[in-house]
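Report on the following structure.
The values are calculated or read from the model by the stated rules, or taken from the named source; none is laboratory data. No experiment lies behind these values; they were computed from the predicted model shown. Neighbour counts run over all protein chains shown; Cβ positions are idealised from the backbone, glycine included.
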Amino acid sequence: MYDYYVFIRYMEQETSFLSTLTSYVNYLKLYINELISITKKNIPLLVVVLVSIFVVYQSHVASNDEYASTQNLLTYVFTIVVPIIAIFAYIVFVSFDRKVMSYIMGGAGITLVVFGIIFWLFNSFLTKYIFNKYLLYTVYALLAIVLLSIAYNVFKKYLIKMSGWIGLLANLVFYIPCLLTDFMKYVMGDYYSTPRSTLILVGVELGLLAFYFYILPFVRNTINSGAYPLLKEPKFLDKYVEIDRELKKERINQVKDPSGSGEMSYRTGYALSMWVYVNPMPPNRDAYSKETTIFSYSSNNRKGHPTLTYKNDEGEDMFFLYFSSDGEPYKIQLPKQKWNHIVFNYRSNSVDVFINGKIERSYTFSKNALPQYSDTDVISIGPKKGEDGLYGSISNILYYPFVLSKSQITTHYNLNFTKNPPIYE
């Protein structure tokens, strides 16, 4: 009898243990199935995170690559630009309905086309605008916020149920991403209720602001890229001033001898850009009764390459342009009481002169009249030493160690002719 009761109690305890074990196993199965289900649903999010980390790394590599905008450009397009576009498309796809998605994707496509055209038109020195540390830090922050916003939307129902310190920490981490999500919902709500004409006007205004604050400075920096400023701000023409000391110090106007001897020779292909303002005066003033120098790139006893002078010739305001040490000057009258833009575009055997964005004269040198360059050459403004100067100013003098194109000269004029004075920026 004793053995029978012991056996019954043993079996009751064993049944209770097996029941508990079965319950734990069933709970573990449910947990594993739920985990697998969540993992399957959020595989795209994991891919987005990994791709974002890869993009950040590639951006860092590109910011330290001097060939990022040249021979390695295509590589960074596929490793940075294409993944960003893919992430953007995925976020739009999972966050909005088809109608809103079509608007967003259409706007994004137009934006890409516009920036592609801009890049094609002004394809130079793009790296310093894209891969600089301040913009990269901003991109890092935005990537983190957007990723956390996606995570918040995916795990929202789990985050709401969290309590205690873990819940407080989760709410702190996802506070800003949550604000971003709410802001997007608010924007989309206003978007649906706003008249189409107002949206078009807002888009036009944003485009104009982008043009003024981004595209114009970009074009200006592109035009000035490679230029060496000899004089940035206006200076009166009342006295002689040399402005090429730093140019000579850095030997910008010299190149290595093409024969391979290693010696330096003077550059024969270059451009000089300047803005000139001369107040007309009667010829009874000494500086106006004879040719008075405004700008000169020459030796003391030579006419220059070039030299620009002015004279009140029998009541006519005449400007004289000397292109080399020999030959007669080219005479021209310029508009009065305004800043005039003058560009000398020198090649080895010819020179083009542009006045206010338009070509004025092309001159080909004979063999005996080629410009002669020497160590005694000086770039200066104002009259000769000891002489009276003109009533006027000269500003924004740039030396380009290469020949400018017509479009570059025209663009430079169009960007500065409204300024008074046209200073270097």
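Among the helices (runs of 4 or more DSSP H) lying completely within the range 1-109, list those that include at least 3 residues that are within 24 Å of residue 140 (Cβ to Cβ) and either charged (D, E, K, R) or modelled with pLDDT of 70 or more (or both). Break it down stepwise before answering.
On the way: elements: 2-41, 43-63, 73-76, 82-95.
Fully inside the range 1-109 and qualifying: 43-63, 82-95.
If you check residue 393 against the conditions, is it under 39 Å from the mean Cα position of the chain (by Cα) and under 21 Å from residue 337 (Cα atoms)?
On the way: under 39 Å from the mean Cα position of the chain (by Cα): yes; under 21 Å from residue 337 (Cα atoms): yes.
So residue 393 passes the test.
If I ask for residues that are of a type in the set (Gly, Ala, Ser), without any contact (Cβ under 8 Å) to a residue 60 or more places away in the chain and not in a strand (DSSP E or B), which ones from the range 337-372 would you list?
Start the filter on the range 337-372 by keeping residues that are of a type in the set (Gly, Ala, Ser), which leaves 348, 350, 357, 362, 366, 369.
So of that shortlist, the ones also without any contact (Cβ under 8 Å) to a residue 60 or more places away in the chain come out as 350, 362, 366, 369.
The answer is 366, 369.
I'd like the residue in the range 251-288 that is at pLDDT 90 or above and β-branched (Val, Ile, Thr) and, out of all such residues, is farthest from the chain's Cα centre (by Cα).
Only one residue fits best here, namely 278.
Are there any helices (runs of 4 or more DSSP H) wholly within the range 172-254 with 1 or more residues that are surrounded by fewer than 15 Cβ atoms within 10 Å (Cβ to Cβ) and polar (S, T, N, Q), and if so which?
Because the criterion is at least 1 residues that are surrounded by fewer than 15 Cβ atoms within 10 Å (Cβ to Cβ) and polar (S, T, N, Q), the helices (runs of 4 or more DSSP H) in the range 172-254 that meet it are 175-193, 196-210.
Please pick out the residue among 340, 345, 416, 356 that is touching a strand residue (DSSP E or B) at 6+ places or on another chain (Cβ under 6 Å) and crowded, with 20+ Cβ neighbours inside 10 Å.
Values: 340 fails: crowded, with 20+ Cβ neighbours inside 10 Å; 416 fails: touching a strand residue (DSSP E or B) at 6+ places or on another chain (Cβ under 6 Å); 356 fails: crowded, with 20+ Cβ neighbours inside 10 Å.
So the residue among 340, 345, 416, 356 that is touching a strand residue (DSSP E or B) at 6+ places or on another chain (Cβ under 6 Å) and crowded, with 20+ Cβ neighbours inside 10 Å is 345.
When you look at residue 368, is it closer than 25 Å to residue 264 by Cα, in the same structural domain as residue 251 (by TED's automatic domain parsing) and surrounded by fewer than 13 Cβ atoms within 10 Å (Cβ to Cβ), yes or no? It would help to see each step written out before you state the result.
Details: closer than 25 Å to residue 264 by Cα: yes; in the same structural domain as residue 251 (by TED's automatic domain parsing): yes; surrounded by fewer than 13 Cβ atoms within 10 Å (Cβ to Cβ): yes.
So residue 368 passes the test.
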